[in-house]
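**Student:** I am attaching a structure below and will ask some questions about it afterwards.
The values are calculated or read from the model by the stated rules, or taken from the named source; none is laboratory data. Computed from a predicted model, the values in this text were never measured in an experiment. Virtual Cβ from ideal backbone geometry, glycine too; neighbours counted across all protein chains shown.
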Amino acid sequence: MAPPQTIHQGRLREGHNGSLKRYKQVYEIWLRKTPRRQIIDTGSYGINPDLARSFPFRDRAYFSHDLVAAKKIKIKIGSWNVAACPGTERDLEAWFVEGKGVDEHLSGVTILDSDEGPGKESVGAQEARRSKKEPTVPRGDKSGLPGGEEIGLYVLGLQEVVDLTSAREYVGRVYTDLGPTTRWRKAMKDGLPKGYVQIAEQQLSGLLLLIFASPEVAPTISSRQKKAFHDGWREGPITFPPTYKYDVGSVGMFDSSEKKRVPSWCDRIVYRTRKDRLEYEEKKRQEEIARIKDEEMQSSGIAQAAEDEDVLFDYNPDDDGADEPSSAPPPNDYDDYDEENEDAPEVVITEEGFTDSILQEYYTSHQRVLSSDHKPIDAVFTVEFDAVVTDLKAKVQQEVARELDRAENEGRPGITIIFDQAQEEVETSAPPPGGDGAQGVDFGKVAYLQRKTRSLTIANTSQVSATFQFVDRPTESGEGNKLAPPWLSVTFAGSDTNEEDREKQKLQRDITLEPGDAVNATVEIFVEDMLLVQSLNNGTAQLDDVLVLRVTGGRDHFLPIRGTWLQSCFGRPIDELIRIPEGGVRALLPRTDGKGAPTNRGQAVCWSAPRELIKLTETIETLTERVTADANMIDTAQLPIESAGWPFNNQSWLLKDTRTREAHKAYLLEALDSDKNLADAFPLGIPEIEKLEIAAEILIMFLNSITDGIVPEMLWAKLEEDINVRLANPLTDPEEIKTWVLDVLSASPNHNICFVFLTSMLSRVAAELAPVPKYSWKEQSIKSARSSIDTVRRSLSWKRSSVLGGNRKVEVLEDPAVLRRTGVENSYTGIWAPILFRGSEGLRDKEKKIMDDRRKAVLAPFLRAGRD
């Protein structure tokens with residue numbers, strides 16, 4: 001007997017809708033929009049978590065939307081014992097796919113298009129022409145049964161696809177020969193319409209199961225390997241004659257051999273629904289309970305006692321001899337077959353709570369298939385179920401995703417950042433290359449040593465408290481993670497320490513705001529590193545960065561920082577400074593390709609020395625004369641005469657406030673870069689003595705920023721070489737020393753001129769701040785010869801000089817004016833020697849001290865000019 005071919009409602013449901021299960025958790029959020037929603041606080045999304053996780057609840061909510069629609073498919077199931085007869089596969093397409101070979105008179109099926117037309121082959125002709133090489137179904141047969149593309153799922157069960165009567169055949173071929181399977185699979189594929197795909201295939205000892213699906217149904221099928229064979233199967237009404245055993249080649253001739261086998265329905269198609277299975281399981285459960293109860297009663301003797309009691313006490317004399325009513329139904333009381341009720345589909349409630357229906361349209365045999373002693377049978381079922389509407393699935397999914405994001409955002413902390421752009425910046429800087437134009441902190445035009453600040457307002461706009469802080473991010477320079485680059489700092493209101501320093505000091509940095517609260521922060525830019533200035537001037541660096549504000553449990557906020565660099569005269573070599581045209585470095589034209597540093601297109605030498613150096617030296621001389629005059633006339637405008645290095649010694653400056661000095665320096669730097677008059681750079685109200693200190697500081701900073709220095713390393717090496725050569729006979733006369741130094745520096749005229757400008761300025765400033773009467777220098781005499789370089793240094797320092805006054809000897813060192821002048825010159829020499837000369841890297845302490853002494857000895861004669 002052929003194995004039962006099954007339709008399992010649960011499997012069909014899972015197969016078609018399995019792709020939707022992954023959305024069920026997402027639809028917990030969507031439940032809030034359904035009429036069935038219940039707002040029972042606490043879940044993250046406003047839904048009772050236990051209720052949301054309830055499987056039926058989720059499915060009801062899920063299918064309450066316009067995402068599904070009723071869908072019907074027809075399933076055709078066929079069963080045939082081919083008895084290993086050759087050529088049977090040739091009849092497969094005709095009877096199983098096209099529905100031919102049905103005898104309306106024998107099958108009990110009413111066919112709309114009658115098959116008794118004049119074109120249909122008769123039974124006698126059909127039996128007479130039967131051959132193994134061609135189909136045996138009647139020619140001219142036009143079936144009216146469902147078939148072809150009308151069927152969504154074809155399920156075929158075959159028996160005895162190989163001969164099992166021989167032991168040799170059984171052992172040698174059943175488990176190794178795949179020929180029959182290949183042959184039947186090919187016949188099935190060739191017979192089905194184009195596009196049908198194989199879903200399942202299984203062969204067991206002559207049994208073969210093939211399942212094919214239409215292109216529309218195949219993508220919706222899953223769980224193909226799962227099985228659900230249980231009891232509780234049922235069969236539709238049998239209206240056709242027995243299907244076994246017929247003479248091969250005959251339509252209705254039963255077994256004519258000597259065995260005379262009794263006809264039987266060996267080939268059956270049974271099916272069940274979930275309802276059938278549950279009813280069967282309930283029945284078995286009740287029977288098992290009754291059996292256990294009977295066993296318990298019999299073991300205790302209660303059953304026997306009950307029977308005896310019935311015999312003694314249940315006797316009724318009035319009913320003695322009366323006919324007992326029969327429990328059997330009357331002879332004519334039978335269950336007639338109701339044809340009208342046959343077409344009513346059975347409503348099935350699936351395990352997942354869906355309401356589906358299944359209808360068996362027909363169940364018949366194909367009597368006029370002659371190639372086997374079994375007649376093939378088939379049945380067509382129509383199954384209606386809820387299926388996903390593909391066009392609406394994407395739309396609903398997007399809506400759910402948006403709702404999910406909104407719900408998550410409502411439960412997550414969130415902040416809003418408001419940027420305070422400065423009103424004075426009329427022209428904003430361009431956005432960073434590759435940026436998306438997102439709002440950020442724009443500092444506009446940024447110059448060297450110009451401090452600019454911008455304010456941020458950070459507000460908690462979420463419904464929960466928010467904790468946030470600025471966090472480190474990787475740096476391009478490979479220096480490790482940093483909160484911000486050195487030129488940028490962030491400080492929250494109420495704190496005197498910026499976030500970078502707070503991190504270094506291991507201080508608490510996170511801030512917590514309750515809903516509706518806000519805090520202010522200040523972002524400050526300040527470029528002071530000379531290496532960065534050089535990179536900005538060259539166009540190899542940009543004032544672009546991103547601050548990362550991390551919200552605990554929320555999303556990160558990225559704050560773009562940008563500024564436009566203004567070219568600076570600092571950080572350049574002398575050869576480049578002398579080529580800057582009128583208008584200063586700000587007048588340099590940008591490159592045609594837009595990349596790199598602006599340049600002087602003509603590349604012509606415009607000045608013998610940098611204009612910035614000339615302007616600074618002239619300004620310092622002018623301001624020195626003014627402050628000296630003020631000190632002589634105004635008692636309150638006294639100079640710090642106790643400090644010999646003023647105004648070049650930072651320890652002696654009267655203006656100590658750092659921020660005030662930065663603001664004053666910004667005026668002078670702007671004038672230098674724009675080639676403006678330095679005397680007019682300062683606003684009114686700034687004392688002259690403060691202007692002088694600022695100008696002196698700017699001059700020192702400018703000289704230190706010159707990449708090759710006033711006396712480059714190459715020229716200093718030449719001077720030091722001459723000193724070593726003259727150790728035995730050193731120069732002692734100041735004028736000779738000056739002549740020798742200028743002769744060596746003449747190899748680089750521009751550096752030579754810069755050196756002369758500076759030493760002349762220092763000499764005049766020293767003379768102005770520490771004047772000495774002329775008679776003190778005219779009558780001086782040198783009492784001893786100098787024979788060593790130490791003597792030269794003592795001679796150059798004028799420590800042993802004396803003059804004669806009348807008939808008595810007066811020591812120069814006793815004159816306070818001379819003492820102050822000498823102190824000023826020595827202090828200037830110590831301050832300016834490291835600034836003017838380059839080339840002291842890599843020396844040991846002793847060697848460095850010797851070099852410093854030699855540089856002071858070279859510089860000292862230039863500061864004493866004008867004594868004679």
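**Student:** Condition test on Ile641, is it outside the structural domain of His751 (by TED's automatic domain parsing), surrounded by fewer than 17 Cβ atoms within 10 Å (Cβ to Cβ) and in contact (Cβ under 8 Å) with a residue 24 or more places away in the chain?
**Tutor:** Yes; evaluated as a whole, the condition is true for this residue.
**Student:** If you don't mind, there's one more thing I want to ask. When only residues in the stretch 610-639 that are of a type in the set (A, V, I, L, M) and within 55 Å of the chain's Cα centre (by Cα) count, which is nearest to Asn704 (Cα to Cα)? Steps first, please.
**Tutor:** Step one: of the stretch 610-639, the residues of a type in the set (A, V, I, L, M) are 613-614, 616, 620, 623, 627, 629, 631, 633-634, 637, 639.
Next, only the ones that are within 55 Å of the chain's Cα centre (by Cα) stay: 613, 616.
Values: Leu613: 12, Leu616: 14 Å.
Filtering the stretch 610-639 for residues that are of a type in the set (A, V, I, L, M) and within 55 Å of the chain's Cα centre (by Cα), the one nearest to Asn704 (Cα to Cα) comes out as Leu613.
**Student:** Restricting the stretch 737-746 to residues that are assigned to a helix (DSSP H, G or I) and touching a helix residue (DSSP H, G or I) at 6+ places or on another chain (Cβ under 9 Å), which is nearest to Asp673 (Cα to Cα)? Steps first, answer last, please.
**Tutor:** First pass over the stretch 737-746, keeping only residues assigned to a helix (DSSP H, G or I): 737-745.
Restricting the remaining residues to those that are touching a helix residue (DSSP H, G or I) at 6+ places or on another chain (Cβ under 9 Å) gives 737-738, 740-742, 744-745.
Values: Ile737: 36, Lys738: 33, Trp740: 35, Val741: 32, Leu742: 30, Val744: 32, Leu745: 28 Å.
Filtering first and then ranking leaves Leu745.
**Student:** Quick check: anything in the stretch 773-781 surrounded by 14 or more Cβ atoms within 10 Å (Cβ to Cβ) and at pLDDT 50 or above?
**Tutor:** Yes, some residue in the stretch 773-781 is surrounded by 14 or more Cβ atoms within 10 Å (Cβ to Cβ) and at pLDDT 50 or above.
**Student:** Sort out which residues of the stretch 491-513 are charged (D, E, K, R) and more than 29 Å from the chain's Cα centre (by Cα), and write them in order of number.
**Tutor:** Across the stretch 491-513, the qualifying residues are Asp496, Asp501, Arg502, Lys504, Lys506.
**Student:** Can you list the helices (runs of 4 or more DSSP H) lying wholly within the stretch 102-214 that have 2 or more residues being out of contact with any Lys or Arg (no Cβ under 7 Å at 6 or more places or on another chain), over 22 Å from Asp373 (Cβ atoms) and at pLDDT below 85?
**Tutor:** Per the criteria, 167-173.
**Student:** Here's a follow-up. With the condition being more than 17 Å from Ile417 (Cα to Cα), I'd like the strands (runs of 3 or more DSSP E) fully within the stretch 473-547 carrying at least 1 qualifying residues.
**Tutor:** 488-492, 518-525
**Student:** Do you know which residues across the stretch 705-729 are in a loop (DSSP other than H, G, I, E, B) and surrounded by fewer than 19 Cβ atoms within 10 Å (Cβ to Cβ)?
**Tutor:** Thr707, Asp708, Arg726, Leu727, Ala728, Asn729
**Student:** For Ala717, indicate whether it is assigned by TED's automatic domain parsing to the domain that holds Arg821 and either farther than 29 Å from Gln534 by Cβ or more than 55 Å from the chain's Cα centre (by Cα) (or both).
**Tutor:** yes
**Student:** Can you tell me which residue is surrounded by the fewest Cβ atoms within 10 Å (Cβ to Cβ) among those in the stretch 402-421 that are over 15 Å from Asp556 (Cβ atoms) and in contact with a strand residue (DSSP E or B) (Cβ under 8 Å, 6 or more places away or on another chain)?
**Tutor:** Ile418
**Student:** Name the residue, out of Leu669, Leu692, that is modelled with pLDDT of 95 or more, closer than 23 Å to Gly583 by Cα and assigned to a helix (DSSP H, G or I).
**Tutor:** Leu669
**Student:** Still on this structure: Tell me, yes or no, whether the stretch 509-528 has at least one residue that is within 26 Å of Ala597 (Cα to Cα) and exposed (fewer than 12 other Cβ atoms within 10 Å of the Cβ).
**Tutor:** no
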